[in-house]
Amino acid sequence: FWDDFSFAKGYPVDLLWSVNTSVFVNDGQGINPPSINVATFDGYDENGLPYSTVAEETGYGDTLESQPIDLTAVLPQHRDSIYLSFFYQAGGNSDIPNPGDFLKLEFKSTEGWVEIYKFEVKSNTDPTIFYDTAIQIPEAIPGSIPEYFHNDFQFRFVWFGKISGSYDAWHLDYVYLNRRVLDDTR
C-alpha cells in the first residue's frame, strides 16, 4: 500500500481508501510536505461545513480508512518486518491542535478495531515539521495481542478536536505499508 496523495483531487483515492470523503487533499495547508499534496484532518465535513455549529464543541470528525488488505499473503518469516510508515504534521498553515486534541491510528484485527497510537501535541511539537513515523504491524502472540495478519486487515486515522470548523488540523503524507527494516530510508 502506498499513497502520497499526489494523484488525488480534493479527496483521497477510492481505490486505496474506503472511508475518505471528510479528509481534504490539498497543496496549501501543510508546510514543506514530503510530496505534492497532503491529507488534512480538521473540523470540516465532506461538504466543507463544520461538524457542529456549537463554537467550542469537541468530538470525533474526519476519518481516513484504508481498503481491506490481505496480509495472509505475507510469509510467516517476513511478518516481523511489515511496517506502516507515514509523515504527519500538527498545524502547518492551519490551526495547531490544542492539548486534548489528537490524531489516532487504529488497526483492524480479527476481533475489530484496536487503537495503536494516539498522536498529540507536546510542548516541543513544531507545527512546521512533518514527523517521519514507522509503526510495525505486530505479530500475534497467543493470549497477548490481536491477530493482524488476516485477509481483511485495515488501518485508519481518526481525528478528534474542535468540530466547528478549520481548527486543530493534522496533515498526513506519504503513507506506505510494506516489508522493510526499521532503519530503511524509504
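The values are calculated or read from the model by the stated rules, or taken from the named source; none is laboratory data. For clarity, every value in this text was computed on a predicted model and none was experimentally measured. Quick reminder, even Gly has a Cβ in these numbers, built from the backbone with ideal geometry, and neighbours come from all protein chains shown. Note: accessible area is taken over every heavy atom of the protein model, side chains too, but ligands, DNA and RNA are not part of it. Shrake-Rupley method; radii C 1.70, N 1.55, O 1.52, S 1.80 Å.
One line per residue, one yes/no per condition, for (1) in contact with a Pro (Cβ under 8 Å, 6 or more places away or on another chain); (2) open to solvent by 50 Å² or more (accessible area, probe 1.4 Å); (3) not small (Gly, Ala, Ser):
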{"residue": "Glu65", "(1), (2), (3)": "no, no, yes"}
{"residue": "Val74", "(1), (2), (3)": "no, no, yes"}
{"residue": "Phe87", "(1), (2), (3)": "yes, no, yes"}
{"residue": "Ser94", "(1), (2), (3)": "no, no, no"}
{"residue": "Ser109", "(1), (2), (3)": "yes, no, no"}
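For segment 55-78, residues that are polar (S, T, N, Q) and without any contact (Cβ under 8 Å) to a residue 24 or more places away in the chain total 1. Within segment 25-39, the set of residues being on the phi < 0 side of the Ramachandran plot and in contact (Cβ under 8 Å) with a residue 24 or more places away in the chain comprises Gly28, Gln29, Gly30, Ile31, Pro33, Pro34, Ser35, Ile36, Asn37, Val38, Ala39.
Among the residues that make up segment 134-153, is at least one of them without any contact (Cβ under 8 Å) to a residue 60 or more places away in the chain, out of contact with any Ser or Thr (no Cβ under 8 Å at 6 or more places or on another chain), open to solvent by less than 60 Å² (accessible area, probe 1.4 Å) and within 23 Å of Leu15 (Cβ to Cβ)? No, segment 134-153 contains no residue that is without any contact (Cβ under 8 Å) to a residue 60 or more places away in the chain, out of contact with any Ser or Thr (no Cβ under 8 Å at 6 or more places or on another chain), open to solvent by less than 60 Å² (accessible area, probe 1.4 Å) and within 23 Å of Leu15 (Cβ to Cβ). Restricting attention to segment 96-107, the residues that are over 22 Å from Phe5 (Cα atoms) and open to solvent by 50 Å² or more (accessible area, probe 1.4 Å) add up to 2.
Out of curiosity, is Glu56 among the acidic types (Asp, Glu), more than 19 Å from Asp3 (Cα to Cα) and either open to solvent by less than 50 Å² (accessible area, probe 1.4 Å) or at pLDDT below 95 (or both)? Judged against the criteria, Glu56 is a match. Per this entry, Glu46 is not counted among residues that are among the charged types (D, E, K, R), more than 25 Å from Ile135 (Cα to Cα), in contact (Cβ under 8 Å) with a residue 60 or more places away in the chain and open to solvent by 50 Å² or more (accessible area, probe 1.4 Å).
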